[in-house]
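Worksheet: the structure to be examined is printed underneath.
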Amino acid sequence: MKKKLMIALTALSIAVLFSSCGKAPQAEIDAANAAIEVAKTAGADVYVVADFAALQDSMRAVNEGVEAQNGKLFKNFDKVKEQLAVVTEMAAETKTKAEVRKEEVKQEVAALQTEVAELVALNNELVAKAPKGKEGAAALEAIKGDISLIETSMTEVADLVLADNLIASLDKAKAAKEKALAINAELNEVTTKYAKNKKR
C-alpha cells in the first residue's frame, strides 16, 4: 500500500513539475507583441527599417520555439522566456531609435526647406540679371518655369510634413534642392559669360 502511495505521489510530483514548465508563457508573449506594436506605432517600420525587421525576425524565432515545444511530450519554455525578455527589450530600443531618427528627419527637412527657399530667391535674382537676347529670353522662360515647379514642390513638402509623412517629404525636398542647385549653376555660367563678353 505504502509503495503504491509513494509511486502515486512521485507521479503526481513529476506531473506538477512538467505542467509548470509545460505551459506556453502567454503573458510574456502578449507583452512582447504589445512592445513590437508600440515600436511600430512610433514609426519603427518607416524610420529604422532594418532594426524593425530584425525585431520581427526575433519574434518569429520565438514563435517557432513555442511551436517546437508544443509538439513535445515534456515541454520546457525556459529558453523561450529568455528570448521573449530579449525581444521585449529590443522592441523598446527600436522604439527609441525610431523616435530619434524621426526627429533627425524633421530637422533635415526643415534645413532643406530653408536652403531651397534661399536658392529660389537667389535664382530669381540671377534671372533678373541674366541677358535677355532672342535666345536668352526663351531659355529664361524655361528656367522660370522650373523655378515655379520647385516652389510647388516645396509647398507639397510642407503638406507632407503636416501629414507626418516625413520620409516622402525628405525625398521631395532633396530632389527640389538638386534641381535648384542645377539651375543656380546654369544661371551663374550664363551671367559670367555675359559679363565677360560685355567687357570685350
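Below are the figures for this structure:
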| quantity | calculated |
| --- | --- |
| Exclusive hit being of a type in the set (A, V, I, L, M), surrounded by 12 or more Cβ atoms within 10 Å (Cβ to Cβ) and within 30 Å of Val100 (Cα to Cα), set Ile150, Ile143 | Ile150 |
| Region 111-125 - residue that is loosely packed, with under 13 Cβ neighbours inside 10 Å and of a type in the set (A, V, I, L, M) and, of those, nearest to Glu151 (Cα to Cα) | Ala121 |
| Test result for Lys177, in contact (Cβ under 8 Å) with a residue 60 or more places away in the chain, surrounded by 11 or more Cβ atoms within 10 Å (Cβ to Cβ), in contact with an Asp or Glu (Cβ under 7 Å, 6 or more places away or on another chain) and assigned to a helix (DSSP H, G or I) | yes |
| Residue match in region 56-63 (condition: under 30 Å from Val161 (Cβ atoms) and either in contact (Cβ under 8 Å) with a residue 12 or more places away in the chain or surrounded by 15 or more Cβ atoms within 10 Å (Cβ to Cβ) (or both)) | yes |
| Cβ pairs under 8 Å, 6+ apart, first in region 78-93 and under 14 Å from Glu64 (Cα atoms), second not in a helix (DSSP H, G or I) | Val80/Ala24; Val80/Pro25; Lys81/Pro25; Leu84/Pro25 |
| Yes/no for Lys144 being closer than 30 Å to Glu186 by Cβ and in a helix (DSSP H, G or I) | yes |
| Residue list for region 36-94, restricted to those being in a helix (DSSP H, G or I) and touching a Cys at 6+ places or on another chain (Cβ under 8 Å) | Asp78 |
| Subset of region 65-80 [crowded, with 16+ Cβ neighbours inside 10 Å and not aliphatic (A, V, I, L, M)] | Gly65, Gln69, Lys75, Phe77 |
| Filter pass, Ile167 being in a helix (DSSP H, G or I), under 26 Å from the mean Cα position of the chain (by Cα) and in contact (Cβ under 8 Å) with a residue 60 or more places away in the chain | yes |
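None of the figures in this text is laboratory data; all of them are computed from the coordinates on show. Not measured: the values here are computed from a predicted model. Please note: Cβ atoms are built from the backbone with ideal geometry, for glycine as well, and neighbour counts cover all protein chains shown.
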